1. Amide H neighbours of residue 141 under 5 Å, counting only residues 5+ apart in sequence or on other chains, H built in-plane at 1.01 Å?
2. Starting at the first residue of region 203-215, write each ³J(HN,Hα) from the Karplus equation 6.51 cos²θ - 1.76 cosθ + 1.60 with θ = phi - 60°, in whole Hz, x for Gly and Pro.
3. Would you mind calculating the gained length between residue 269 and residue 171 on full extension (0.36 nm times residue separation, minus the Cα-Cα distance), in nm to one decimal?
4. Using 7 Å Cα-to-Cβ label points, what is the residue 296/residue 211 separation (nm, one decimal)?
5. Taking Cα pairs under 8 Å and at least six residues apart, what relative contact order does region 101-394 come out at, in percent?
6. Indicate the gyration tensor shape class of region 101-394 (rounded, prolate or oblate), computed on the Cα atoms with a ≥ b ≥ c the square roots of the eigenvalues: a/c under 1.5 is rounded; otherwise a/b larger than b/c is prolate and the rest oblate.
7. Looking at the square roots a ≥ b ≥ c of the eigenvalues of the Cα gyration tensor of region 178-284, which shape do they give, rounded for a/c under 1.5, prolate if a/b is larger than b/c, or oblate?
8. Amide H to amide H, which residues 5 or more places from residue 386 or on other chains are under 5 Å from it, using H placed in the peptide plane?
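Just so it is clear, none of the values below were taken in a lab; they were calculated from the coordinates. Only a predicted model underlies this, so the values are computations on that prediction, with no experimental measurement involved. When we count neighbours, we look across all protein chains shown, and the Cβ atoms used for this are built from the backbone with ideal geometry, even at glycine.
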Amino acid sequence: MHRTSSASIMSFYRFSSSISLSFRSSLLHQSAVNVNVPSSQRLIRQKPNIGLADAILPIEKTLSQKLKSNGHSVSNVSSMLKGRNVQGYTCDLFEQKQSRILQIDEFEIIPWSVSGIETSVAVRCGGQGAVCIGFDMGYSEKEIIHAQNIFISHGHMDHVAGVAHHAKKRAIYGLPPATYFAPEDLVEPLKEIGRQYDKMHGKETLLSNLDIRPFNEGDKVDIPGKRLVKAFRTTHRVQSQGYLVYEKVKRLRNDLKDLSSEDIKKRRDLGETVTEENYIPVIAYTGDTSIDTFLDPPHPDVLKARIMITECTYVGGPHGRDTQGRLLVDKAHERGHIHIQDIVNNHEVFKNIDSLLLIHFSGKYSSHFIGENVPKLLPNGLADKTYFCIPGHRE
Ligand SMILES: [Zn+2]
Ligand SMILES: [Zn+2]
């Protein structure tokens with residue numbers, strides 16, 4: 001069974017009551033009602049379209065209070081917050097990493113994603129201490145530092161801004177340099193960013209020699225743990241690609257499947273290889289994409305992966321409009337993103353997916369708004385297997 005254990009649901013859910021949220025759709029209503037949020041966050045919740053700058057002050061105040069009680073320097077925190085995403089620091093400072101992990105089977109998924117701000121997803125395969133891989137590098141949060149292989153979907157800043165930082169953090173932690181796989185056109189610009197950091201630093205360091213490798217649609221690479229990663233094309237405003245993670249399993253050769261076990265044993269005893277390697281798609285990560293990637297899949301395995309991690313930038317009903325009066329559904333299509341209505345209207349395409357994790361929600365929606373509205377829109381079969389990663393600082 002792939003289902004999340006009740007313990008991990010609770011831990012995932014518990015985090016939804018504090019600062020950065022990720023939770024299962026079926027628990028959303030309950031979580032929205034029972035959350036025990038700090039009073040400053042309750043104030044924020046009453047503003048429907050609050051911006052990041054507005055959110056900093058009340059959360060900073062909450063942080064200051066908590067840090068004071070822990071003996072930290074409050075002024076340090078305030079200065080850090082001014083230039084940073086609040087979500088990042090709240091997670092770092094309160095070390096809530098255990099509660100923001102979604103466990104499905106042998107995978108621990110740690111999403112970190114707000115549209116236009118930062119997106120990265122760490123996947124630990126086989127539990128803590130096991131192989132960790134990363135998708136995108138908008139921000140180098142704690143868990144993804146351990147990812148030896150990072151797969152970049154496209155060149156928008158919210159997906160690549162953390163590459164040099166990731167390399168630097170790994171060096172500080174004594175970890176070997178990571179390998180970054182990226183669409184060919186991004187390789188030189190990303191390397192140049194590393195060189196420019198070194199220039200500012202005044203000497204050549206590892207950042208001048210980042211291991212960034214061109215990796216295009218159809219390319220594949222073996223990664224530790226008997227797994228393989230393959231790139232597939234996605235549809236976005238710029239060139240973009242997603243990644244499929246396969247598990248390699250040995251199975252009886254197809255041409256022998258009608259033989260009796262005795263006959264198979266005889267052949268094996270005579271030295272014949274009776275098994276062959278099969279590749280099972282276990283995870284698909286799309287990065288930013290429009291729904292077209294699912295309607296016209298570039299690879300048949302995209303819709304067969306057990307776990308699908310994809311974006312849902314816009315939410316709300318089919319007639320929702322932005323402040324300029326434009327239909328959000330149209331806006332999503334123009335910008336190469338997904339609106340929740342795209343998923344609702346095409347829910348059939350996800351029928352073979354066991355678990356769907358939606359990330360990359362626009363920061364203009366409060367988690368309360370998403371939690372109250374999105375689950376109601378999803379048809380039953382889909383709602384039961386859908387998870388959300390929501391930025392808690394919008395509470
Ligand atoms: Zn993005
Ligand atoms: Zn993008």
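1. none
2. 7, 7, 10, 4, 5, 7, 10, 4, 8, 10, 10, x, 8
3. 30.3 nm
4. Between residue 296 and residue 211, the label points sit 3.8 nm apart.
5. Relative contact order, region 101-394: 13 percent.
6. Cα axes put region 101-394 in the oblate bin.
7. Since a/c reaches 1.5 and a/b is larger than b/c, the shape of region 178-284 is classed as prolate.
8. Excluding prolines and chain starts, which carry no amide H, the hits are 25, 356.
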